[in-house]
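K.L.:
Structure below; questions to follow.
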Amino acid sequence: MTPDLLLPTAPIVRPDKDRFLNEENPFEGMMSRFDRAAELLDLEPGIYKVLRHPEKQIITSIPVMLDNGEVEVFTGIRVLYNTSRGPAKGGIRFDMNVSLDEVTALAAWMTWKCAVVNIPFGGAKGGVICDPLKMSVGELERLTRRYTASIIQTLGPDSDVPAPDVNTNERVMAWIMDTYSMHVRHTVTAVVTGKPVEMGGSLGRREATGRGCMIVTKQALAHLGMPLKGTTLIVQGFGNVGSVAAQLLQREGCKIIGISDRTGGYVNPKGIDVDEAIAHVKQHKTLEGFAQGDRVTNEQLLTTDVDVLLPAALENVITSKNAAQIKAKIICEGANGPTTAAADAILDEKGIFVIPDILANAGGVTVSYFEWVQDRGGYFWTEQRVNDSLTQIMEQSFDAVLNLSKQHKVNMRTAAYMLSISRVATVHRLRGIYA
Ligand code: NAD
């Protein structure tokens, strides 16, 4: 085991709002938000302790025969944070930055996210430390199948249901579904979501996260009395979430004045044609060379004057270092963990309305839930039914979080944590501690 794979070390402390051990450690950032909400809920010590610990962490070595005949051993992780409300749900990422701390934080976020939108899932996350861009399709398939076999004891439609995440996609989900089905000797479509539609995937799943961002942004604008038409928007990250959110909000009348990806960004106060940007990325793989607007860095993009900022790329992009310079009135967190805990207080002081990640990007897992329901029922919905059901859940969840935030005079993030933690805690109280 490498040193960075040691168990998360955040000590169990009672809440202290000014104590952030390490701004960039996602597990500590998540826990500091959890602590604040737990204090406001006056959570009893027993449940507080239970919810501060992941239920299960698997670390596994994955030997893979490379195309050149050599064997490489990769490290794979799967964390089930909490399954009190239902099967564990959460994506699998293939990335060099995967660590147990990060996967555990993401698994906890999945727990709170599923509870915020009140779908009957617990939270999980998985990852393999690898650089998929340097691997062939054959190597990726062997890696995926061996990782699946290594964690097969947790997988299953009633126990643990993965989905795509960073650098994994429909094809990877198809390999996981096939490997699992071969082991149990019958086809089990509901063991993963985000599959190709031809083999049990759901219509509307690909667009679901961006669509969810669009729905809650509209609600935030209405809440603040801001018009939809002409409202300016900047999107960081132009992948699945960012490009769909930008496209749908443009169709609703917003003016997209800035977009970016890992190669940098473009700002144009007159507005950017999102469909053209999507076509550019389809052809060239990145935004590089997209001619509409002035070239800016991702750092400059975040602090540009705008009504709505939608970070949809990475963790930890809004920090104590740049939060004071953010000019947006609304931040819709399409990405997981784009704002550090230390930055929250600065955004609060500035009066910025933040739609937190566990609410803003919950559209993806909500439609994953619809996919799981469709697979288990063997009956598939129209895209209209998927989108209508998603809209209903996102709107209800936004209203529930907003009401709680008004009731307790807390920001939307704390309210979202309070709502989700109270839902998970209620189930723990009802179920009791099995001895
Ligand atoms: P993606 O891979 O499709 O797109 C990521 C985008 O971010 C790309 O445009 C990439 O170029 C850009 N990017 C990468 N590094 C960057 C950098 N340093 N600066 C600026 N941009 C950079 O990924 P995605 O599925 O759109 O996911 C984006 C975020 O949303 C992640 O945090 C993910 O965990 C979160 N999320 C995704 C879903 C989903 O359903 N896809 C659901 C919930 C949350």
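Read-outs: derived from the displayed coordinates by stated rules, not from any lab. None of the values given here were measured: they were computed from a predicted structure. Every residue, glycine among them, receives a Cβ derived from its backbone with ideal geometry; neighbour counts consider all protein chains shown.
K.L.:
Mark the label point 7 Å from the Cα of Arg251 along Cα→Cβ and return the residues of the range 199-224 whose backbone N is within less than 11 Å of it.
P.N.:
Inside the label zone: 207, 211.
K.L.:
Further question on the same structure: State the Cα centre-to-centre distance between the range 330-390 and the range 299-317 in whole Å.
P.N.:
Measuring centre to centre over Cα atoms gives 17 Å.
K.L.:
Would you work out the relative contact order for the chain, in percent, from Cα pairs under 8 angstrom that are 6 or more residues apart?
P.N.:
Working: 885 pairs, mean separation 68.9, N = 435.
Reported relative contact order: 16 percent.
K.L.:
Let me ask you something else. With a 10 Å Cβ neighbour count serving as the proxy for reagent exposure, in which order, fewest first, do Met65, Met418 appear?
P.N.:
In order of increasing Cβ crowding within 10 Å: Met65, Met418.
K.L.:
Name the long-range amide H neighbours of Thr232: under 5 Å, sequence gap of 5 or more, or other chain; modelled H, no Pro or chain starts.
P.N.:
Lys255, Asp307, Val308
K.L.:
Additional query: Of the listed pairs Lys125/Lys282; Lys270/Lys329; Lys134/Lys255; Lys89/Lys327; Lys255/Lys350; Lys125/Lys255, which have alpha-carbon separations greater than 27 Å here? Please list the in-between numbers first.
P.N.:
Values: Lys125/Lys282 29 Å; Lys270/Lys329 19 Å; Lys134/Lys255 38 Å; Lys89/Lys327 35 Å; Lys255/Lys350 23 Å; Lys125/Lys255 35 Å.
Lys125/Lys282; Lys134/Lys255; Lys89/Lys327; Lys125/Lys255, as the Cα separations exceed 27 Å there.
K.L.:
Related question: Looking at the range 172-254, which GluC sites (Glu not before Pro) are in a loop (DSSP not H, G, I, E or B) and have at most 12 other Cβ atoms within 10 Å?
P.N.:
none
K.L.:
Taking the chain as the region of interest, what is the percent of Cα-Cα pairs per 20 angstrom bin, listed from the shortest bin to the one with the maximum distance?
P.N.:
27, 60, 13, 0
K.L.:
Which trypsin sites (Lys or Arg not before Pro) does the range 199-265 hold that lie in a coil by DSSP with at most 15 other beta carbons within 10 Å?
P.N.:
Within the range 199-265, the qualifying trypsin sites (Lys or Arg not before Pro) (loop, at most 15 other Cβ atoms within 10 Å) are Lys229, Arg262.
K.L.:
Roughly how many Å is it from the Cα centre of the range 259-288 to that of the range 183-251, as a whole number?
P.N.:
Computed from Cα coordinates, the inter-centre distance equals 18 Å.
K.L.:
Take every DSSP beta bridge whose two residues both sit in the chain, then give the antiparallel share in percent to the nearest 5.
P.N.:
50
K.L.:
If you don't mind, there's one more thing I want to ask. What is the percent of Cα-Cα separations in the range 112-196 that go past 18 Å?
P.N.:
43
K.L.:
While we're looking at this one, here's another question. In whole Å, what are the Cα extents of the range 55-199 along the three principal axes, biggest one first?
P.N.:
Sorted largest first, the three principal extents are 48, 34, 24 Å.
K.L.:
Restricting attention to the range 337-435, which chymotrypsin sites (Phe, Trp or Tyr not before Pro) occupy a DSSP loop and are surrounded by at most 14 other Cβ atoms within 10 Å?
P.N.:
Tyr379, Tyr434
K.L.:
Normalised by the number of residues in the range 55-199, what is the relative contact order in percent for Cα pairs under 8 Å and 6+ residues apart?
P.N.:
Normalised by residue count, the contact order of the range 55-199 is 25 percent.
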